[in-house]
1. Any idea of the accessible area per residue across the chain, 1.4 Å probe, to the nearest Å²?
2. Which value in deg cm²/dmol, rounded to the nearest 500, describes the helix-derived mean residue ellipticity at 222 nm for the chain, given -39,500 (n - 2.57) per DSSP H run of n ≥ 4 and division by the residue count?
3. Taking the Cβ of VAL77 as the center, what net charge do the other residues with Cβ under 12 Å away carry, scoring Lys and Arg +1 and Asp and Glu -1?
4. Could you order ARG69, ARG12, ARG91, ARG37 so the one with the most accessible surface comes first? Probe is 1.4 Å.
5. What is the percent carbon and sulfur in the accessible area of segment 5-120, measuring with a 1.4 Å probe over the protein chains and ignoring ligands?
6. First select every other residue whose beta carbon is under 13 angstrom from the beta carbon of ARG15; then total the charges, Lys and Arg +1, Asp and Glu -1.
7. Translational D (Stokes-Einstein, µm²/s) of the chain at 4 °C and 1.567 mPa s when Rh comes from the Kirkwood sum over C-alpha pairs?
8. Which residues does a label at PHE113 reach in segment 57-100, if reach means a backbone N under 17 Å from a point 7 Å past the Cα toward the Cβ?
Amino acid sequence: MNDFQPLLDAARLAREQAYAPYSRFAVGAALRTKSGRIFTGCNVENLSFGLTICAERSAVFSAVAAGERDFTALAVVADSRQPVTPCGACRQVLAEFAPALPVCSANLQGAVFESSIAELLPRPKEGILGT
Ligand code: THU
């Protein structure tokens, strides 16, 4: 059993730091590492829209920069009608380190959707570098 509650709490707090003046859609993410640490991220948008970084990738890069690459669970929180799962780019980045990562998505009303990177992104390495 995965204890997602502390991760969901951390993701909800991280969401409050989101910089999302263009979409007005704030997202928070929290990633647990094997060592038990939690790394958080929020989306950071840019006037040049394509430069926007999602909450999930922000959390991954923060963990990797701190020397942590073994991820055991991810939580994502947004103010959406349905809980949101990581976008395709984030799925690919998460699969680099944790292809079977459990993912818990929630909205602010408490609706929860549990999935995994394996389910969200099957065969993540196909076609890449001839693999
Ligand atoms: N976004 C995330 O940060 N994570 C998701 O899982 C969904 C999308 C951000 C990107 C952009 O800043 C805004 O939400 C709207 O797509």
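1. The answer is 55 Å² per residue.
2. On the way: 4 runs with 36 residues, N = 131.
Computed mean residue ellipticity for the chain: -8000 deg cm²/dmol.
3. -2
4. Values: ARG69 155, ARG12 80, ARG91 50, ARG37 115 Å².
Order by accessible area, largest first: ARG69, ARG37, ARG12, ARG91.
5. Using a 1.4 Å probe with all protein chains present, segment 5-120 comes out at 53 percent carbon and sulfur.
6. Result for the local shell: -2.
7. 89
8. The answer is 74-92, whose backbone nitrogens lie closer than 17 Å to the label point.
The values are calculated or read from the model by the stated rules, or taken from the named source; none is laboratory data. This is a predicted model, so every value here is computed, not measured. Here the Cβ is made from the backbone with ideal geometry for all residues, glycine too, and neighbour counts use every protein chain on show. These area figures cover heavy atoms from the full protein model, side chains too; ligands, DNA and RNA do not enter into them. Shrake-Rupley method; radii C 1.70, N 1.55, O 1.52, S 1.80 Å.
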